[in-house]
Amino acid sequence: MSLKIKFFSAGYCTHPEAVVIRDGKWQSANFPSLFAAIVHPTLGVILFDTGYSSRFFQETRALPLRLYALATPVYFQPADSAVSQLQQAGISPDSVNYIIISHFHADHVGGLQDFPNARFICFNSAYQAVKNRQGWSALKAGFLPGLLPTDFERRRISVEDLQTVLLPTQYHPFDTGCDLFGDGTLLAVELPGHATGQLGLFVVDADERSYFLIADACWLSRAYQDFIKPHPIASLIFANDREYVDTLAKIHQLHQLNPDLKIVPTHCAKTWEGLKRSMTSSL
């Protein structure tokens with residue numbers, strides 16, 4: 001099937017580069033918050049994450065969640081939101097039928113409330129890890145409860161309930177995944193470590209370009225290309241440090257075996273610049 005995919009950046013945050021990659025500089029760097037819009041020939045518009053929204057500032061006005069905003073200062077204007085950018089591209093919020101959630105950090109789910117008809121696809125393990133968290137517990141998990149729609153439970157689809165399939169050999173060492181729509185177009189795998197139940201997505205577009213959307217399995221492309229770990233201080237925010245390293249090693253191996261695969265970390269400015277140059281068509 002012929003899919004169209006286009007990437008956007010819904011705001012960005014800043015943080016010392018050396019925290020996210022060990023050979024980085026201790027000066028502040030910009031980390032865009034990417035999301036993808038996928039147009040499926042029969043299922044319509046599907047998003048992978050949503051980036052930030054103005055609700056981030058509302059939800060971090062008071063302690064303890066204000067510490068989230070202080071740790072990673074966010075730069076965002078209303079025109080940067082997923083809903084605004086999609087409307088500029090001719091896509092109404094009502095026409096978004098599905099949102100695939102990589103994980104529940106605020107820079108990935110900030111815009112969920114803007115899409116009233118969307119079903120939410122995520123690993124159940126990811127949702128269960130955050131659903132009851134409030135206050136300091138939510139802060140530790142990078143989760144802002146107020147970002148979720150009040151009817152999230154009703155609209156949620158658990159990846160664990162979907163069809164498990166063998167993946168194409170070119171995706172080794174990822175051998176099995178979940179066929180999200182039963183047609184082989186969108187294949188999800190678990191990328192644990194950064195967050196419980198983090199979801200990665202394999203997708204091939206109409207021009208036969210293959211993408212692997214890896215969310216926060218690493219922050220910069222050099223990390224998976226050269227297998228460079230983050231600074232040990234970063235492990236304080238990981239769900240599981242050992243699983244993070246194991247996941248990064250698998251993505252590194254995948255890159256070596258399949259160098260033409262476009263691997264997309266959500267927050268890599270270099271990757272974002274390359275995507276902007278390569279995107280020639282509208283949705």
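The values are calculated or read from the model by the stated rules, or taken from the named source; none is laboratory data. The structure presented is a predicted model; accordingly, all values stated were derived computationally and were not measured. Every residue, glycine as well, gets a Cβ built from its backbone with ideal geometry; the counts of neighbours run over all protein chains shown. The area values use the complete protein model at the heavy-atom level, side chains included, leaving out ligands, DNA and RNA. Shrake-Rupley method; radii C 1.70, N 1.55, O 1.52, S 1.80 Å.
Which of the residues belonging to the stretch 35-94 are in contact (Cβ under 8 Å) with a residue 60 or more places away in the chain, touching a Gly at 6+ places or on another chain (Cβ under 7 Å), within 30 Å of SER210 (Cβ to Cβ) and of a type in the set (Val, Ile, Thr)?
Within the stretch 35-94, THR50 is the sole residue that qualifies.
List every residue pair whose Cβ atoms lie under 6 Å apart, where the two residues are 6 or more positions apart in sequence or sit on different chains, the first residue falls within the stretch 95-121 and is free of Cβ contacts under 8 Å to residues at least 40 places away in the same chain, and the second residue, located anywhere, is among the polar types (S, T, N, Q).
none
Criterion first (within 24 Å of HIS267 (Cβ to Cβ), over 20 Å from the mean Cα position of the chain (by Cα) and either hydroxyl-bearing (Ser, Thr, Tyr) or open to solvent by 20 Å² or more (accessible area, probe 1.4 Å) (or both)) does ARG133 satisfy it?
For ARG133, the condition - within 24 Å of HIS267 (Cβ to Cβ), over 20 Å from the mean Cα position of the chain (by Cα) and either hydroxyl-bearing (Ser, Thr, Tyr) or open to solvent by 20 Å² or more (accessible area, probe 1.4 Å) (or both) - is met.
Determine if the stretch 131-152 includes at least one residue that is at pLDDT 95 or above and closer than 25 Å to LEU257 by Cβ.
no
Within the stretch 46-68, which residues are open to solvent by less than 20 Å² (accessible area, probe 1.4 Å) and either among the charged types (D, E, K, R) or in a helix (DSSP H, G or I) (or both)?
Selection gives ASP49, PHE56.
Which residues, taken from the stretch 200-243, are closer than 21 Å to MET279 by Cβ and assigned to a helix (DSSP H, G or I)?
SER221
Are any residues in the stretch 263-283 among the aliphatic types (A, V, I, L, M) and touching a helix residue (DSSP H, G or I) at 6+ places or on another chain (Cβ under 8 Å), and if so, which ones?
ILE263, VAL264
Quick check on my filter: what residues within the stretch 244-283 are assigned to a helix (DSSP H, G or I), among the hydroxyl-bearing types (Ser, Thr, Tyr) and under 22 Å from GLY11 (Cβ atoms)?
Correct list: THR271, SER278.
Starting from the stretch 4-30, take each residue that is assigned to a helix (DSSP H, G or I) and list its partners that are surrounded by 21 or more Cβ atoms within 10 Å (Cβ to Cβ) and among the acidic types (Asp, Glu), counting only C-beta distances under 6 angstrom and pairs at least six apart or across chains.
Sorted first by the residue in the stretch 4-30, then by its partner, the list stays empty.
In the stretch 187-236, what residues are among the hydroxyl-bearing types (Ser, Thr, Tyr) and either buried (at least 21 other Cβ atoms within 10 Å of the Cβ) or modelled with pLDDT of 95 or more (or both)?
Matches in the stretch 187-236: THR196, SER210, TYR211, SER221, TYR224.
Checking the conditions here, which among ALA239, ALA269, ALA249 is among the hydrophobic types (A, V, I, L, M, F, W, C), more than 15 Å from the chain's Cα centre (by Cα) and more than 15 Å from SER102 (Cβ to Cβ)?
Going through ALA239, ALA269, ALA249 in turn, just one is among the hydrophobic types (A, V, I, L, M, F, W, C), more than 15 Å from the chain's Cα centre (by Cα) and more than 15 Å from SER102 (Cβ to Cβ): ALA249.
Tell me, please, whether a residue that is touching a Gly at 6+ places or on another chain (Cβ under 9 Å) and farther than 24 Å from GLU59 by Cα can be found in the stretch 139-159.
Yes, the stretch 139-159 contains at least one residue that is touching a Gly at 6+ places or on another chain (Cβ under 9 Å) and farther than 24 Å from GLU59 by Cα.
Residue under question is GLY177, and the condition is that it be closer than 19 Å to GLN253 by Cβ and touching a residue at least 24 places away in the same chain (Cβ under 8 Å); does it hold?
For GLY177, the condition - closer than 19 Å to GLN253 by Cβ and touching a residue at least 24 places away in the same chain (Cβ under 8 Å) - is met.
Which count do you get for residues in the stretch 96-130 that are open to solvent by 10 Å² or more (accessible area, probe 1.4 Å), closer than 19 Å to LEU180 by Cα and of a type in the set (S, T, N, Q)?
Total satisfying the criteria: 4.
Could you run through the stretch 17-38 and say how many residues are of a type outside the set (Gly, Ala, Ser) and open to solvent by less than 40 Å² (accessible area, probe 1.4 Å)?
Looking only at that region, the number is 8.
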